[in-house]
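Remarks on the structure that follows.
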């Protein structure tokens, strides 16, 4: 869990900042980066820079395990201290300061950003050959002796011109 104690920070004047390093384990991956807190009138602005995590994945083509780096260059959220619900617009994502513990949890923010920057398909490399669809051998390691029929070439459909 990535929680930041802010008791000392709540007394800062508007515009006051504090920087810290992110270096922790979240779920099954290690996360690093840096963050800056800025005191605003009714909230605390959090900016995260150079967020990085490595995920253990399985390649969609060859089914081998590999490490997938995920990088987030910049993320920003505001954590509300004392605004009322009617002062917040309906379409806003709302994050709150935990007033009982005087802390901010960055878990949801970090997880959201990493998921948004995660690749749509996970492949160990762009040149991955995958597995043979007949014998199942990993073609990156060794060619197989299976005979493969070449698929018919598909051409894009074009509309007749008038």
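The numbers here are math on the coordinates, done by the rules we state, and not lab data. Small disclaimer: the values here were computed from a predicted structure and weren't measured. Neighbour counts run over all protein chains shown; Cβ positions are idealised from the backbone, glycine included.
With a Förster radius of 25 Å applied to the beta-carbon distance between residue 145 and residue 58, the computed FRET efficiency rounds to 0.45. Taking 0.36 nm per residue of separation and subtracting the current Cα-Cα distance, fully stretching the chain between residue 112 and residue 1 would add 38.5 nm. Using a simple spin-label model with pseudo-atoms 7 Å out from Cα toward Cβ, residue 47 and residue 12 lie 1.2 nm apart. Spin-label model, residue 74 to residue 127: label points 7 Å out along the Cα-to-beta-carbon direction sit 3.5 nm apart. Straightening the chain between residue 101 and residue 21 buys 26.7 nm, computed as 0.36 nm per residue apart minus the Cα-Cα spacing. The shape of segment 3-116 comes out prolate: with a ≥ b ≥ c from the C-alpha gyration tensor, a/c is at least 1.5 and a/b beats b/c. Working ranking of peptides 54-60, 95-101 by packing, defined as the average number of other Cβ atoms within 10 Å per residue, highest first, is 54-60, 95-101.
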